[in-house]
Amino acid sequence: MIALRRIALFVLLVLGLAVSALPGFAAEETSPVDVAKQMLQAMSQAVDKGDVDAVAALYAEKGVVLFPGGTTATGREAIRKSYADNQKMGANKLVFRGARAYGAGPQVTLVCTWDLTITPKDKKPAVFSGRSLIYLQRLNETWQIVFDMFQANQIKQ
């Protein structure tokens, strides 16, 4: 149960994406679809590299992540710590399977599905499938995740 919570926390954190170690990414594109594509690409890259700081940087300073089972991480540092704890379980690979983006101006809501593979050292990979609801805002000329909620299920192999 603890492992599943950690995986769930990791997945949620994984859904926070980063192009650099700076919070968010430049708000050059204003289309919700463009914002979603950039965020998902940044998240995948950060997770696949195991870059805890890059994942945390995708979140607003007071961002909130709601994990399955009722656990919550509030604030960028708590989100970074949760991601770091989950990263200790093994190498991660995040693949987004689909996404829809809604919004206008400085706000975008993103709904997406994903697969996360965690490969512990000297063990078989564990594959999780899930979906996320992410609320993004343009803050100080960068897009940041303000709220992130997800569900995850382990795929039997």
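Do we find that Leu110 is surrounded by 17 or more Cβ atoms within 10 Å (Cβ to Cβ), touching a Leu at 6+ places or on another chain (Cβ under 7 Å) and closer than 14 Å to Phe150 by Cα in this structure? Spelling it out, Leu110 is indeed surrounded by 17 or more Cβ atoms within 10 Å (Cβ to Cβ), touching a Leu at 6+ places or on another chain (Cβ under 7 Å) and closer than 14 Å to Phe150 by Cα. Could we say that Ala36 is at pLDDT 95 or above and either part of a helix (DSSP H, G or I) or within 15 Å of Phe147 (Cα to Cα) (or both) here? Criteria not met by Ala36. Residue check: is Arg80 in contact with an Asp or Glu (Cβ under 6 Å, 6 or more places away or on another chain) and either of a type in the set (S, T, N, Q) or buried (at least 19 other Cβ atoms within 10 Å of the Cβ) (or both)? No, not satisfied. Would you confirm whether any residue within the stretch 67-89 is under 18 Å from Lys37 (Cβ atoms) and not hydrophobic (A, V, I, L, M, F, W, C)? Within the stretch 67-89, none of the residues are under 18 Å from Lys37 (Cβ atoms) and not hydrophobic (A, V, I, L, M, F, W, C).
A count restricted to the stretch 83-100 and to residues that are surrounded by 13 or more Cβ atoms within 10 Å (Cβ to Cβ), over 15 Å from the mean Cα position of the chain (by Cα) and part of a strand (DSSP E or B) stands at 1. Looking across Val64, Val55, Val127, one residue alone is under 23 Å from Gln38 (Cβ atoms) and either touching a Cys at 6+ places or on another chain (Cβ under 9 Å) or part of a strand (DSSP E or B) (or both). It is Val64.
The values are calculated or read from the model by the stated rules, or taken from the named source; none is laboratory data. Just so it is clear, the structure is predicted and the values come from calculations on it, not from any experiment. All Cβ positions, glycine included, derive from the backbone under ideal geometry; neighbour counts span all protein chains shown.
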